[in-house]
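Report on one structure; see the data block that follows.
Please treat every number below as a calculation from the coordinates, not as lab data. Note that the structure is predicted; figures quoted are calculated from it, not measured. Note that we place each Cβ from the backbone using ideal geometry, even for glycine, and neighbour counts take in every protein chain shown.
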DNA sequence: CAGTGGTCTAGACCACTAG
DNA sequence: TAGTGGTCTAGACCACTGA
């Protein structure tokens, strides 16, 4: 028996004990989605197990395969299950430390806007050997050359951020120091053919070091918002590592949470 | 003529100049999605205009309505268009300051986990008159009573956060001070029948005030990560206003960006 | 009223995974 | 080879919008 067993064998049957009210409250796919979400969150569908197949469960519930798909797709979009062709629909790890999920398109678009509405100043641009942690993040050999850039951004003349970026050499060579002074990095990377497929981001806070304080024009020790990011292409290959320090009085990181499908 | 005009009238025709290669690279819906996204971002489909209808555009491109729907749905999930029954598919404002989009389910689940894995201590719990800004946020009359709570969280004995919450009285009365000491607020609100439909969140940084420093056990002036949030039910009615201060050495805010559909 | 998006169905072919 | 999810089609009914 494989390491993943079907939840259907756990005693609930292919329908997992879900009852649908065909008419009144919610669309069928939403009723199914909600019922499955509850079962996953409270552990009735154990992590790593496979849900019944679309056909099987659709038949058990008396709905079409398309309607089942919609429910499964929404669970996948919310990160609760992973769907694999030929394998099935697997319940993912309970969301212990699972981070908030966001749309990669929004990240790219925000970068474009940032580049359009603010002025940048390039403080440093060089190819340097990757330190151990940068090499590990970018999945390259330690000491291999990486493009390292440091820049500050102004809005209306006032400095509000200090950014450092690390890009694998092969990708970095596709644009110049000049490009970096006029065009957002994200745009340069896309122009170079790198597509953004996913990214991990960590937000924190730190006291300004003397160097950061000098670059940003703030008092050493003042509180800064820190954003670290590692971006990957659709196949998971690292594209870019970033670290940005923001002056909190001049920049805040905004996010909007909405339902799985569609936003108003 | 209404304020929103159809993009189709702008000269590109119902197909908007999109050409599909039926076979090789990407699924049809993804090709259409990508083409439309580009046209929206570079302004060829002006903000506020209506895209051709599903039927019209599907016919023009030679695909079924279902395939068109999928492309439109994905645009809506990414926040680029808004779909209205009976009206059409409207191009939203160009993403000037549009914030990052995330799944509301993830927010709720993260709160549940936080409550399960950490210990809470209730420092204050009272009904107080709403200040002007709290009243504005919660959309109630200034001076109307709101439930205000202050609590700190520990992980392994170490304090890592100081949270303040404001809840409209009617909702707050559905649970007690005791409940608040043992159960995460999000869970209490859901139990009270409040459903989380959307939320706005702002992350920033600030220096610890003397009061915050005392509660958190850190030096006054040290850098703290600040998360402010306003949650609403599916109809847009405010449910909860929160402000949390984190000790950055003990907590970081993690997020994961992924493709519009499904995550690995 | 005509047109729109929201939902649901039945059926088909494919690529991929497992055994 | 059997079963899975991924894609696509054709057709239907509904609720809602706007004129």
Mean separation of Cα pairs under 8 Å and 6+ residues apart, divided by the residue count of chain B: what relative contact order is that in percent?
13
Between copies, how close do the residue A:234 label points come, placed 7 Å along Cα→Cβ, listed in nm from shortest?
3.3
Shielding score for A:72-85, defined as the mean number of other chain Cβ atoms within 10 Å
4
For residue B:41, label point 7 Å along C-beta direction: distances to other copies, nm
3.3
Label the protein assembly as shown by shape, choosing from rounded, prolate and oblate, from the square roots a ≥ b ≥ c of the eigenvalues of the Cα gyration tensor; if a/c is under 1.5 it is rounded, and otherwise prolate applies when a/b is larger than b/c, oblate when it is not.
rounded
Which residue, B:61, B:188, B:225, has the most motion in a Gaussian network model of chain B that connects Cα atoms within less than 10 Å?
B:61
Whole-Å distance linking the alpha carbon centroid of the stretch A:202-264 with that of the stretch B:171-200 is 30
Specify whether the C-alpha gyration tensor of chain A places it in the rounded, prolate or oblate class, a ≥ b ≥ c being the square roots of the eigenvalues: rounded for a/c under 1.5, otherwise prolate if a/b is larger than b/c and oblate if not.
prolate
Explain nothing, just the number: relative contact order of the stretch A:185-264, from Cα pairs under 8 Å at least 6 residues apart, as a whole percent.
26
Would you tell me the mean number of C-beta atoms belonging to other protein chains that fall within 10 Å of each C-beta in A:245-256, as a whole number?
6
Which of these, A:219, A:149, A:135, has the largest mean-square fluctuation under a Gaussian network model of chain A (Cα springs below 10 Å)?
A:219
How many nanometers, to one decimal and shortest first, lie between the label point of residue B:69 and those of its other copies, if labels sit 7 Å from Cα toward Cβ?
1.0
What angle do you read, to the nearest 10 degrees and between 0 and 90, between the alpha-carbon axis of helix A:28-41 and the longest principal axis of chain A?
70
Tilt, helix B:104-117 to longest principal axis of chain B (alpha-carbon atoms), in degrees rounded to tens, equals 30
In degrees, nearest ten, helix A:65-77 long axis to first principal axis of chain A (Cα):
30
So if we plug the beta-carbon distance of residue A:254 and residue A:60 into 1/(1 + (r/R0)^6) with R0 = 41 Å, what FRET efficiency do we get, rounded to 0.05?
0.40
The stretch A:104-250 - percent relative contact order, Cα under 8 Å, separation 6 or more:
23
Averaged across B:104-114, how many Cβ atoms of other chains sit within 10 Å of each residue's Cβ atom?
6
Largest fluctuation, B:64, B:49, B:165 only, Gaussian network model of chain B with Cα springs under 10 angstrom, belongs to B:64
Under 1.5 on a/c is rounded, so check that first for the stretch A:95-152, then, if it is not, pick prolate when a/b is larger than b/c and oblate when it is not; a ≥ b ≥ c are the square roots of the alpha carbon gyration tensor eigenvalues.
oblate
